[in-house]
Every structure is written in structure tokens, then in C-alpha cells.
1. Of everything in region 94-106, what is open to solvent by less than 70 Å² (accessible area, probe 1.4 Å), without any contact (Cβ under 8 Å) to a residue 12 or more places away in the chain and not in a helix (DSSP H, G or I)? Give them in sequence order.
2. Would you tally the residues in region 18-37 being open to solvent by less than 100 Å² (accessible area, probe 1.4 Å) and part of a helix (DSSP H, G or I)?
3. Tally time: how many residues in region 69-80 are under 16 Å from Cys59 (Cα atoms) and assigned to a helix (DSSP H, G or I)?
4. Report, by residue number, each residue of region 50-73 that is surrounded by 18 or more Cβ atoms within 10 Å (Cβ to Cβ) and more than 21 Å from Ala23 (Cβ to Cβ).
5. Return yes or no: is Ala11 within 19 Å of the chain's Cα centre (by Cα), part of a helix (DSSP H, G or I), modelled with pLDDT of 95 or more and under 30 Å from Lys126 (Cα atoms)?
6. For Leu89, state whether it is at pLDDT 90 or above and surrounded by 14 or more Cβ atoms within 10 Å (Cβ to Cβ).
7. Scan (1) touching a residue at least 24 places away in the same chain (Cβ under 8 Å); (2) part of a helix (DSSP H, G or I); (3) not acidic (Asp, Glu) for the single condition Val61 breaks and write down its number.
Amino acid sequence: MASTGFWLTMALLVVSNIFMTFAWYGHLKLQEMNVFTSNTPLYVVIAVSWAIALLEYCCQVPANRIGFVGNGGPFSLMQLKVIQEAITLVVFTVFTVVFFKGESLQWNHFAAFVCLILAVYFVFMK
């Protein structure tokens, strides 16, 4: 059975990446919904994104501290980063398919996912 640190780290990384994806790409959906317009000053969009990103950091930093083997967690630094990147890809894919109906997954996206999985495999090879 995985430790509490494992599950807490994973949950915080997922929540962190949800906030990150909304901070980075949510303004595009808000523009599509006419919450922001093309005339909305960029500094307003940046300020809103930074406010959301603050929530991302409030989850990402504890996830790394709790999950890091140097603090008693189950993951090495490299493992934390690779897990975070894999979660980012999954969260972004779900976000894109759900919120941007014009976007769809194509065969080349799946091929790219396979390449990323292979990259993870090679990173962990001894």
C-alpha cells in the first residue's frame, strides 16, 4: 500500500496542474465566452492569470516538499518532475477536449504521447 505522502503528493500535483492549466489557457476560454474581449488590457489578463497561478503554487510547492525523498517522501527530484509533467499532459488534454470543442485528439497526438511515455521510460533506465 502506498504511503499517505504518495497520495497527498499525487493529489496536490493534480490540483496544482488544474490551476496551472486554467492560469495559462483559461483566459482563452474566457475570451471565447466574452468575459474578456480582445480589448481587455493584457495587464488585466495577466493579473487574473497570476491570481490563479498563486493557487497553483500553493499546491505545487507542498507537493514537492511532501513528496521529496529528502523530506521523507517517496519520490526523487527527477521522479517528481516527470510525474508532474505527465500529470500536466493529462490535465491539459482533458481541459482542451472538454473546454475547447473545436479541438480534438488526432493520431499524431497519440503518437506524441507514446514518445513522451518512452522518454519517461528512458529517464528511469539505469
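The values are calculated or read from the model by the stated rules, or taken from the named source; none is laboratory data. All values reported here derive from a predicted model rather than from experimental measurement. As a convention, Cβ positions derive from the backbone with ideal geometry for all residues, glycine included, and neighbour counts pool all protein chains shown. With ligands, DNA and RNA removed, areas are computed over all heavy atoms of the protein, side chains included. Shrake-Rupley method; radii C 1.70, N 1.55, O 1.52, S 1.80 Å.
1. Result: Ser104, single match.
2. 13
3. 1
4. If the condition is that a residue be surrounded by 18 or more Cβ atoms within 10 Å (Cβ to Cβ) and more than 21 Å from Ala23 (Cβ to Cβ), then Ile66, Gly67, Phe68, Gly73 are the ones that fit.
5. yes
6. no
7. (1)
Results for (1) assigned to a helix (DSSP H, G or I); (2) within 18 Å of the chain's Cα centre (by Cα); (3) farther than 30 Å from Phe6 by Cβ, shown as yes or no for each residue.
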{"residue": "Asn39", "(1), (2), (3)": "no, no, yes"}
{"residue": "Val45", "(1), (2), (3)": "yes, no, yes"}
{"residue": "Leu55", "(1), (2), (3)": "yes, yes, no"}
{"residue": "Arg65", "(1), (2), (3)": "yes, yes, no"}
{"residue": "Val82", "(1), (2), (3)": "yes, yes, no"}
{"residue": "Asn108", "(1), (2), (3)": "yes, no, yes"}
{"residue": "Cys115", "(1), (2), (3)": "yes, no, no"}
{"residue": "Val120", "(1), (2), (3)": "yes, yes, no"}
